[in-house]
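The values are calculated or read from the model by the stated rules, or taken from the named source; none is laboratory data. Everything quoted here is computed from the prediction, not taken from an experiment. Methodologically, a virtual Cβ is constructed for each residue, glycine included, from the backbone with ideal geometry; neighbour enumeration extends over all protein chains shown.
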Amino acid sequence: MYNSKNKQYVFKQSTGSVWNFFSDERKGICYSILSKRNTWSEPVIVHKDFLPPFYIDMDFEDNFHVLFQDKQGNIFYTFLDKSNVKTVQVLKSNIPSVYNKYLQLTATRNNINIFFIVDHNNSHILAHQTISGKVINPPKVIDYIFKNEHPYSILTDKSGSIYVFYQVSDGKYIQIGFKKYTPSQKTWGEFTSVTRYNGDCQFPKAVIDNKDIISIVYQRKTEKNIELVYQQKVPERNMWSVETVIHSSSYSFNNSSIVLSNGNINVFWIRDDNINFSMSSDLGKSWGKPSKYSFPVSKQLLCFSFKSNNPYECDKVYAKEIPGSYLNGYRLAFYQEGSNNTSISTDELKSMIIDGMHLLKGNVEDLIESDNSIKDSISRIDNMYKNIHKELIKQSVKISYLEGEIAKLRNNVKVTESPSNHDNLENPENEDE
């Protein structure tokens, strides 16, 4: 049964290997790997003692980053690659508390950004915490937030800036807006409203494509119905597009989201295990009539989160939530894999080359930064060596001086202890003669 709180995470690595992360009531957080025959391997347990749900992301180097809490409310982070599993506690619960903290994370080049909601004095605080290398930084408050089934959504643009969309109260209604985080400055910007509606706006779901175009879908309540609304923002403008009502109903759109696939924008919602959707093929300018999506599985319909690092498809699909099933390995709605068709268009090839250049540029920048750090260290060591050399010369001069003084003292002692001096001391009258 489709349930967005129980996601099935499917990741395709750059090598083509497909991993599936999921939770099991007895085994905990597990993963399986898809074989060439489209069969899943036996589950491997990552963590057994945890409180559902968990969250996971894959970075551009095919590493996995898992965020979960234990049954006492403590939050843990796990780094996982082909050979290592490392887990650290990032936040300790002062009082054992068992409730959904709505964990999310995003892995950027040098930092792991963690997000969660904590309850405090009948209020709900959206917090942000970073892990830089081995350093776990203390959490910081983003804002007070209105909490429901889907309280916030995060995404990251090509520059590494992070957007968090969330719900706040304007004193009368629940509205949706966002804040932007700039990693280089380590600061959050001011809250920017997306909605200014005379009614409650809820359940923000946002995605971003390879051109940094942001799409958001949410529901808003009218006097008679509930509307599913789409809006868009392009990077060159600070304004959002006009609201497009995709569909209206007397039922909630809590199981709804956006899938960007093959240049199309698909807004979908689930009713009685049926996929309903409306599609735009012209970047949101016009929309097709809402209809049911033909999918081979209904009762076994599940909520997937899909991400690919495969160069032939990483820019073809963006889906934090997408209906799917484990039919013949896995099958996703709105997106059929082109495993036998690897041809790409000129624009897609250009985009891949540009992305590759950005990636190489980032790696070169990291190498330059490391080289500069090494040069600074060498310079400090060289200065230390010069200072030590100067100090050795000073000490050598002092030692030479002391050796000379000791030699003089030894000569004086020898003269004093010679036999002639003893005779002169015993026969002082000889001097008178």
Would you say S123 is without any contact (Cβ under 8 Å) to a residue 24 or more places away in the chain and closer than 20 Å to G73 by Cβ?
yes
Does S93 satisfy the condition of being under 25 Å from S17 (Cβ atoms) and in a loop (DSSP other than H, G, I, E, B)?
no
Members of the range 292-325 found to be within 20 Å of R271 (Cα to Cα) and in a loop (DSSP other than H, G, I, E, B), listed by number
Y293, S294, F295, P296, V297, S298, K299, Q300, L301
Is it fair to say T87 is in a strand (DSSP E or B) and under 14 Å from the mean Cα position of the chain (by Cα)?
no
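The rows are residues; the columns are (1) free of Cβ contacts under 8 Å to residues at least 40 places away in the same chain; (2) surrounded by fewer than 19 Cβ atoms within 10 Å (Cβ to Cβ).
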| residue | (1), (2) |
| --- | --- |
| D81 | yes, yes |
| K86 | yes, yes |
| V98 | no, yes |
| T108 | no, yes |
| I114 | no, no |
| P138 | yes, yes |
| K158 | no, yes |
| F165 | no, no |
Specify which of the listed residues (K147, K172, K158) is closer than 30 Å to K86 by Cβ and charged (D, E, K, R).
K158
Please state which one of Y2, Y9, Y102 is in a loop (DSSP other than H, G, I, E, B), in contact with a Phe, Trp or Tyr (Cβ under 7 Å, 6 or more places away or on another chain) and buried (at least 20 other Cβ atoms within 10 Å of the Cβ).
Y102
Candidate set from the range 168-194 (those that are of a type in the set (A, V, I, L, M, F, W, C) and within 18 Å of S123 (Cα to Cα)); member that is surrounded by the fewest Cβ atoms within 10 Å (Cβ to Cβ):
V168
Filter the range 195-247 for residues that are among the acidic types (D, E) and not in a strand (DSSP E or B); the one that is farthest from D315 (Cα to Cα) is E223
When you look at S17, is it more than 23 Å from K147 (Cα to Cα) and either surrounded by 12 or more Cβ atoms within 10 Å (Cβ to Cβ) or touching a residue at least 40 places away in the same chain (Cβ under 8 Å) (or both), yes or no?
yes
Quick check on the range 114-137. Is at least one of its residues under 28 Å from P235 (Cα atoms), modelled with pLDDT of 95 or more, assigned by TED's automatic domain parsing to the domain that holds N198 and of a type in the set (G, A, S)?
yes
Hey, could you check the range 315-328 for residues that are in contact with a Phe, Trp or Tyr (Cβ under 9 Å, 6 or more places away or on another chain) and farther than 16 Å from K7 by Cα and say which is modelled with the lowest pLDDT?
K316
Could you identify the single residue in N3, N20 that is within 22 Å of V317 (Cα to Cα) and not assigned by TED's automatic domain parsing to the domain that holds S161?
N3
Subset of the range 269-314 (residues that are out of contact with any Phe, Trp or Tyr (no Cβ under 9 Å at 6 or more places or on another chain), closer than 26 Å to K233 by Cβ and among the polar types (S, T, N, Q))
S281, S286
Restricting to the range 20-53, count the residues that are part of a strand (DSSP E or B) and free of Cβ contacts under 8 Å to residues at least 12 places away in the same chain.
0
